[in-house]
Amino acid sequence: MALTITSSSYNGEHAGAYLNAALRTADSLEYMTIRENVNHKEVLNNVASADLVKDQTCAFNENSATLTLTERVLFVEPFQINVDLCKTTMLTDWTHNRQNDFVAYAMTFLADSIADSVEHSIWQGDGSSGQFAGIDATGMTTDASTGIGAAGTYSASNVILEMGNLVAAIPSTVYRKDDLYIYCSPKTYRFYISAISALSAFPFNNMGDYTPQFEGVKIAVCAGIEDDVMYCGTKSNIFFGTSLSSDLSSIKVLDMSGLDGSENIRCVATWTAGVQTGVAADFTKQS
């Protein structure tokens, strides 16, 4: 069975739809504030005030109160995938999936790689090749509430204690916010499910639909978080930036058979991504 595709170039709106789907399959993006159309960087302004409210007087004294503006900068970096896909190698899987559009099938292949890269970088990225500086990169959590040490490696026997210590360290100004989450890895969450399932008063297996939460704080399970580490913060205080609508967002698929006689399909994907916390002091980490 021969396979022939027409060389295609997906740009602009169509490319954005493909990349948007790829980026949003990263688990963590559901629990963050997404800023699109960020070109290189975006300034996040923090406002602090002192002595704004006073007893009424007949005088005006602009120096009697202070209003301080500080900045945190959300940087986005450009990334790319350049790959040759062999039609012969992928033909069996494509036929098995009965997908009429081979180009769309190739996009699914790229989407998995993009999502995995973005998810990992959000939490563990160090700014090296193929990664952007993540939440734990220098300058992001160094001034956050990071002084909560875990007793040791998480397990089903201690995870409830450790979550309790994390929640106890949440700043009072943040606690009970509607968009407050505990961010943890799938392994840590598995320990939590095991722990609550062992409690006769809280049998997990018989609860039906369950919204993951601990002591009223919702739990966000994020594949990119390393084991034995948990965070707590609000969705509105964690920003993911990308420039999906810029010229950098494009996907190109070229059938090379008419150019060099090979059975390769050349795929190129480009995108930008970056992450930043707003008010670092409102972001808590346990490790």
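If amide H atoms are built 1.01 Å from N in the plane of the peptide, which residues on other chains or at least 5 residues away come under 5 Å of the amide H of GLY274?
Counting only residues 5 or more places away or on other chains, the set is GLU77, GLY241.
Compute, for ASP27, the solvent-accessible surface of its heavy atoms (probe 1.4 Å) with the complete set of protein chains present, and express it in square angstrom to the nearest 10.
Rounded to the nearest 10, the figure is 70 Å².
Taking amide H positions as placed in the peptide plane 1.01 Å from N, state which residues far from ALA133 in sequence (5 or more) or on other chains have amide H under 5 Å from it.
Hits under the 5 Å cutoff: GLY127.
What are the residues whose amide H is under 5 Å from the amide H of VAL38, where those residues sit 5 or more places off or on another chain and H is modelled from the backbone?
THR242, SER243, LEU244
Ignoring ligands and nucleic acids, what accessible area does GLU263 show with a 1.4 Å probe (Å², nearest 10)?
Surface accessible to solvent at GLU263 totals approximately 90 Å².
Roughly how much of THR25 is accessible, in Å² to the nearest 10, using a 1.4 Å probe?
80 Å²
How many times 2.2 N^0.38 Å is the alpha carbon radius of gyration of the range 219-287?
Against the empirical 2.2 N^0.38 Å value, I get 1.80 for the range 219-287.
Less than 21 Å apart at the alpha-carbon level, and either on another chain or at least 8 residues along: which lysines does that give for LYS41?
LYS235
The values are calculated or read from the model by the stated rules, or taken from the named source; none is laboratory data. Just so it is clear, the model here is predicted, and its values are computed rather than measured. For accessibility, only protein heavy atoms count, side chains too; no ligands or nucleic acids. Shrake-Rupley method; radii C 1.70, N 1.55, O 1.52, S 1.80 Å.
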